[in-house]
Amino acid sequence: MFYNPDIKKLEKIKNLKISTSTIIDILDGLTSGSVLSHELHPLNMNDFYIVGHAYTVQWKLIKKEKCIIEKQSSTWEQVQQFLVPELHNASGLIYVAGYGDLMKHAALAGGMSCTYFQQLGFNGIILGGAVRDIQELRDLNIPVIASNIIPSDTQGAYYVSETGTSCRIEDNIIQTGDLIISDANGSVVVPLDMIDKVFEEAVKINNTENTMLAQIKSGRRLPDLINETGRI
């Protein structure tokens, strides 16, 4: 399990605020990384930039036991691990929960749990599906990124199969420890072993593109700048 993020490095990355568009351009060139579904968007704030290592929660559908007369697990026993009780300090982490397909008909978290995640120190919350309790979510100062708001929850129909390993959101497998960067453009996943390489390149490109923007505003033609820099 991944528990010890480099907080100083994360702060440096956050202060640069390099666009997720730039990050995914680099990852595309490396044939790596992924972008989470455009259906996942912040539901409680608009202006934000978060960066942190994923801490994952995987949900699965509950199957009936072999013997229908045997006592079934209680709903709390099935879902309690979604509160990641093994963590006492989530600084530098982003809570990422997935089921597989987007779970739009049942909330993967709610106002009370998201408030708790903020108190633990998570930098943000990304759910591969729905969330509930929008009024409580609006009181948070971290973004909650999900597909939709719905009043129903997962208890009795789904269970948490593992935490701190990996989870799947549609075609994306997110490993605990992968870097998540999210801004108004969307959310990008950077594999753990590529973080340094990606950000070394990102700083160079970011400087080039900032210079290009300044030159465009001063009257330079974009086609000429693209030919000179190879960037757009």
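The values are calculated or read from the model by the stated rules, or taken from the named source; none is laboratory data. Fair warning: this is a prediction, and the values are worked out from it, not measured in the lab. Backbone-built Cβ (ideal geometry, glycine too); neighbour counts: all protein chains shown. Side chains included, ligands, DNA and RNA excluded: accessible areas come from the protein's heavy atoms. Shrake-Rupley method; radii C 1.70, N 1.55, O 1.52, S 1.80 Å.
Some points to look at:
- Residues that are open to solvent by less than 10 Å² (accessible area, probe 1.4 Å) and among the small types (G, A, S) were ranked within region 111-131; the one that is farthest from T165 (Cα to Cα) is G111.
- Scanning region 201-232 for residues that are hydrophobic (A, V, I, L, M, F, W, C) and open to solvent by less than 40 Å² (accessible area, probe 1.4 Å) returns A202, I205, M212, L225.
- Residues located in region 132-157, provided they are open to solvent by less than 10 Å² (accessible area, probe 1.4 Å) and under 16 Å from V79 (Cβ atoms): T154
- Screening V198, V160, V189 for residues that are open to solvent by less than 20 Å² (accessible area, probe 1.4 Å), more than 24 Å from N44 (Cβ to Cβ) and of a type in the set (A, V, I, L, M) leaves exactly one candidate, V198.
- All positions within region 77-102 that are in contact with a helix residue (DSSP H, G or I) (Cβ under 7 Å, 6 or more places away or on another chain), buried (at least 16 other Cβ atoms within 10 Å of the Cβ) and more than 19 Å from A146 (Cα to Cα): L87, A90, G92
- Scanning region 161-187 for residues that are farther than 14 Å from Y95 by Cα and outside any loop (DSSP other than H, G, I, E, B) turns up S161, N172, I173, D183, G186.
- L108 satisfies every condition listed in (1) open to solvent by 10 Å² or more (accessible area, probe 1.4 Å); (2) at pLDDT 95 or above; (3) not hydroxyl-bearing (S, T, Y) except (1).
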